[in-house]
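Only the coordinates and a few stated rules stand behind these numbers; no lab work does. Note that the structure is predicted; figures quoted are calculated from it, not measured. Quick reminder, even Gly has a Cβ in these numbers, built from the backbone with ideal geometry, and neighbours come from all protein chains shown.
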Amino acid sequence: MFLGAANIALRLRSLSHFKNPLSRTLVPPYHASLWYSTSAQNLKKGSPRTSIMGKNNKKSRSTPPGEEYLLLPTHPDLVSLSTSESLTPNGIPTIVDTHTHLISTFEAYRKAYKPGKFENVWDFARGLYDGRGIEAIVDVWCEAPVQKAVWKELADSALSEEDRKTKWGGLEYWFVMGVHPHEAKLYDDQVEKDILEAMSHPRCVGWGEIGLDYHYDNSPREVQREVFIRQLRQAVRLGKPLTIHTREAEEDAERILKEEVPKDHRLHIHCFTDSPEWAARMLDHFPNLYIGITGVITYSTNLNTSAVIQQMANSTHPNPSDPSLRIVLETDAPYMTPSNLYNFLTEIKSRRLPICHTAMIPWTAEFVANVAAGPETEGDQKASKEIWTTERILRIGRENAKKMYGV
Ligand SMILES: [Zn+2]
């Protein structure tokens, strides 16, 4: 999570005001000031690499494009693979969003569009994801205290095949749970008990997101380390895959992970923004570790993630005709829209979409493919471009999601 604190605050404030935030009558008490300050922060921290951002004055930011623009077209790189306008025919790689905050995304949507077309999270998921090749999402619950009634209602609604078909439009809903480092100071025995209960749910596929965040320091570092270790020990004991959040805490995160987690354990370093050297050491030590790639790779303020992709693409290729990358694709929705998406949404001009969502992953994949192919000045870039395609990156992401979370 890139802007975890605001994200969590938004979610907690909203949830705390409603008995059932999944109901059709949900009208959350959105906090405009919080949302706009979050948007502004996002723009400041991650302005797009391309110039399509425009001037983005206050007026244009406060008037989002119509919600019909959230329903995305087939990515141009995938159109030729498709026999229809849908992203579902054979030949199109399916998508697994390995890290998304569905309730936050839905709430941000409802705040931006009043009245919005979609009245509950299921309508929202069906409306935006159906026919986009999206096979599964891994939803993330990382607040303390645990929102017991809410997570269970959502997870239970994905238990039967019939419900997955009717409520989710065939989407496979999975989740992970843990306490985010921002919330570490709120971790206690009751929270741990509630997480342990969630771990036995059939749709739970991991423990997270947990870790260290020394950028925001929303919980004292000592407490963050203590709670991180405590959660790691529980997850390792249960054999649960780990979703890790680490920001500006490389040394401590590496030491703690190497001390507490067996080498062959499955780890997802989510929304990776740390140094390429750190990534190399972690990939080397943990053979089942994956680097999580969000839309933040497209932002000019973040060069680390691209450097990690180049490092992986240029290093070992066990099978040169079918090279791979140890990445999983994710959105960390609702805030990190890939900036290259706006190259295709020229009609909205300089306005920005108020939320990010899972159907945007092909644009992140396109950006990764271009980075893996190498800079245009290199002579063999054409050959590289043929190897590293949007389609291949989507396939790699799909396969690695299976290896990482078993979904
Ligand atoms: Zn997150």
Highest mean packing first, using Cβ neighbours within 10 angstrom, the peptides 73-81, 262-270 sort as 262-270, 73-81
If amide hydrogens are placed 1.01 Å from N in the peptide plane, which non-local residues have theirs closer than 5 Å to the one on residue 249?
214
Gain in span if fully extended, residue 348 to residue 226, counting 0.36 nm per residue against the direct Cα distance:
39.3 nm
Which pairs, out of 152/240; 152/263; 152/193; 111/193; 263/402, put more than 22 Å between their alpha-carbon atoms?
152/263; 111/193
Relative to the present Cα-Cα distance, how much length would full extension add between residue 303 and residue 315 at 0.36 nm per residue of separation?
2.5 nm
For residue 99, other-chain or 5+-apart residues with amide H closer than 5 Å (H placed, Pro excluded) are 138, 331, 332
With label points set 7 Å from each Cα along the Cα-to-Cβ direction at residue 376 and residue 153, the distance between them in nm comes to 5.1 nm
